[in-house]
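Shown next, in structure tokens, is the structure this report addresses.
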Ligand code: C2E
Ligand code: CA
Ligand code: CA
Ligand code: CA
């Protein structure tokens, strides 16, 4: 017997409904997650390639869902952006990171990710308040912004980033090499740091092209006087290559997984570097 097309459509709509309902449910849960204290911060060390010293920590948001467990940021950040929830959530991350960093014995830098949605006129005031309320000195805060966030409205964003820099914080370009306006963006705004996207590290060993791009970015950083950090460093071979090519700062599983601050410990790799 032939399948009844009407029945099939009906079934299809039911599964659609199911997906839509689940999405709505997750959104509602995301809306309540702040009040229910389901968010926490993990920290991942950034390491000086020369002596192995920790230079700072990147803050990575974690959502502990009561039934689903840890929900990855790749799943809930886009949802938070679409709904505008990223504004209160992002502010919480910023304030919590500043508050926690202000208590550290060692005065490491703390790097906070900002979504493009957060790049609004109010942001400098939000950042200034987080610094004032925590007592963290501005030069210990770094803000990470992706290049895609820059291209939306380069002139407005440039003005906003200049206002932020005037507070004394530093600005890093995140995921460098994954967008397409990289060079013009670099000219438009004086970034303090470029974070070379981890996809280049993943391809480094197999691809001469990836190695050529990494070399070129390191040379670019040198001539523009911008600090380059390589993300996603997992193997000693990657580290060796980066060191040979003059990279000065690294981050990745080789040096430490993102973890709560009270679970941080020196890794074998950073000890070898030392
Ligand atoms: P990102 O800013 O590029 O963060 C780095 C991601 O790479 C993190 O994933 C980190 O766990 C992962 N990673 C670190 N070292 C390695 C490595 O050696 N190998 C591999 N394969 N991965 C490594 P995570 O924590 O899942 O976060 C994913 C993305 O979610 C982040 O990418 C960032 O775009 C976003 N995100 C996380 N926290 C926040 C936040 O507080 N605010 C905003 N707006 N976005 C956030
Ligand atoms: Ca980042
Ligand atoms: Ca990144
Ligand atoms: Ca990313």
Every residue from segment 43-53 that is surrounded by fewer than 18 Cβ atoms within 10 Å (Cβ to Cβ) and in a strand (DSSP E or B): 48
Would you call residue 208 more than 23 Å from residue 104 (Cα to Cα) and away from ligand 1 (no atom under 16 Å from the Cβ)? yes
Close pairs from segment 3-30: first surrounded by 10 or more Cβ atoms within 10 Å (Cβ to Cβ), partner modelled with pLDDT of 90 or more and assigned to a loop (DSSP other than H, G, I, E, B), Cβ under 7 Å, at least 6 apart: 30/85
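If you check 200, 241, which single one turns out to be within 14 Å of ligand 3 (Cβ to nearest atom), surrounded by 15 or more Cβ atoms within 10 Å (Cβ to Cβ) and in contact (Cβ under 8 Å) with a residue 12 or more places away in the chain?
Values: 241 fails: within 14 Å of ligand 3 (Cβ to nearest atom).
Among 200, 241, only 200 is within 14 Å of ligand 3 (Cβ to nearest atom), surrounded by 15 or more Cβ atoms within 10 Å (Cβ to Cβ) and in contact (Cβ under 8 Å) with a residue 12 or more places away in the chain.
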Tell me, which residue of segment 192-229 that is more than 14 Å from ligand 2 (Cβ to nearest atom) and part of a strand (DSSP E or B) is nearest to the chain's Cα centre (by Cα)? 228
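Check 168, 232, 246 and return the single one that is part of a loop (DSSP other than H, G, I, E, B), modelled with pLDDT of 95 or more, more than 16 Å from ligand 2 (Cβ to nearest atom) and in contact with a helix residue (DSSP H, G or I) (Cβ under 8 Å, 6 or more places away or on another chain).
On the way: 232 fails: more than 16 Å from ligand 2 (Cβ to nearest atom); 246 fails: modelled with pLDDT of 95 or more.
It is 168.
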Consider residue 185 against the criteria (1) modelled with pLDDT of 95 or more; (2) under 23 Å from residue 56 (Cβ atoms): it satisfies all of them except one. Which criterion is unmet? (1)
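The values are calculated or read from the model by the stated rules, or taken from the named source; none is laboratory data. Everything quoted here is computed from the prediction, not taken from an experiment. Quick reminder, even Gly has a Cβ in these numbers, built from the backbone with ideal geometry, and neighbours come from all protein chains shown.
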